[in-house]
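See structure below.
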Amino acid sequence: MKVLLINGSPHAHGCTDAALREVAAALNADGIETTIFHIGSAPVAGCIGCGGCRQAGQCVFGGPVADVLPLAEQADGFVFGAPVHYATAAAGMIGFMHRLGFSAGHLLRHKPAAVITSARRAGTPTALEAMEKIPQYFEMPLISSTYWPMVHGSDAGQAARDAEGMQIMRNLGRNMAWMLKCIEAGRAAGLQPPQAESGAQTNFIR
Ligand SMILES: Cc1cc2nc3c(=O)[nH]c(=O)nc-3n(C[C@H](O)[C@H](O)[C@H](O)COP(=O)(O)O)c2cc1C
């Protein structure tokens, strides 16, 4: 089983990466393969709702949202990580998640997901809440930990010294591994994800 951990920071080797590596190590210790994907340092725009992805099979603006697709297809679970920027999740990660969801939501659906954040000081709950919107929309069981999943620091070294934050990351990895194994055991016993109803879309218009 594989978990894809997405680093939504402009820093490939910063605090978010340090936290994701701790989650990955715990997953690896439980026999789960991991890949860390960095969305890059260039600005990542949000979705313009053009619908071009319906014909193209991927976001027509490409970039990391297209590059991640082979990994997302293989993944059994996801961890989305981003630093706090101005008291919410970094805009590039939100843009990435919106475009990934809009263009390739079928690769996310019913796979367990976790969100984690890093901050110098403030804005972590809002950042977590912002990222949770995508797992919530795509029926992804949200994996929690022993506290809200955050680390504090301004660089990877400081984040690594956040003993409680790193403990939370390891517990998150173990919980993710447990959930993946439960889902696999369920599948082996013939349990499939439920078929969702569809068709009703009323836009509150009577
Ligand atoms: C544009 C910008 C805005 C930021 N806003 C906040 C903030 O509102 N609250 C906070 O605690 N830290 C803020 N920070 C600091 C980062 O969240 C913090 O250093 C984080 O751990 C960096 O993670 P990274 O190394 O993965 O990028 C901001 C950093 C940048 C670049």
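Restricting the search to segment 1-43, which residues are within 14 Å of the ligand (Cβ to nearest atom) and among the acidic types (Asp, Glu)?
Answer for segment 1-43, where residues must be within 14 Å of the ligand (Cβ to nearest atom) and among the acidic types (Asp, Glu): 17, 22.
Any idea how many residues of segment 104-149 are assigned to a loop (DSSP other than H, G, I, E, B), away from the ligand (no atom under 16 Å from the Cβ) and aromatic (Phe, Trp, Tyr)?
The qualifying residues number 2.
For segment 108-161, name all the residues that are touching a residue at least 40 places away in the same chain (Cβ under 8 Å) and at positive phi.
110, 139, 153
May I ask you to say which residue of 165, 173, 157 is part of a helix (DSSP H, G or I), surrounded by fewer than 20 Cβ atoms within 10 Å (Cβ to Cβ) and either modelled with pLDDT of 95 or more or within 16 Å of the ligand (Cβ to nearest atom) (or both)?
Numbers: 165 fails: surrounded by fewer than 20 Cβ atoms within 10 Å (Cβ to Cβ); 173 fails: surrounded by fewer than 20 Cβ atoms within 10 Å (Cβ to Cβ).
Just a single option satisfies the conditions, and that option is 157.
Out of everything in segment 64-89 that is among the small types (Gly, Ala, Ser) and within 16 Å of the ligand (Cβ to nearest atom), what residue ends up being nearest to residue 170 (Cα to Cα)?
81
Can you name the number of the only condition in (1) closer than 19 Å to residue 11 by Cα; (2) of a type in the set (Asp, Glu); (3) in contact with a Leu (Cβ under 8 Å, 6 or more places away or on another chain) that residue 132 fails?
Single failed check for residue 132: (1).
What's the number of the only condition in (1) buried (at least 24 other Cβ atoms within 10 Å of the Cβ); (2) without any contact (Cβ under 8 Å) to a residue 40 or more places away in the chain; (3) not basic (Lys, Arg) that residue 80 fails to meet?
Going through (1) buried (at least 24 other Cβ atoms within 10 Å of the Cβ); (2) without any contact (Cβ under 8 Å) to a residue 40 or more places away in the chain; (3) not basic (Lys, Arg) one by one, residue 80 breaks only (2).
The values are calculated or read from the model by the stated rules, or taken from the named source; none is laboratory data. Predicted, not measured: the structure shown is a model, and the values here were computed from it. Here the Cβ is made from the backbone with ideal geometry for all residues, glycine too, and neighbour counts use every protein chain on show.
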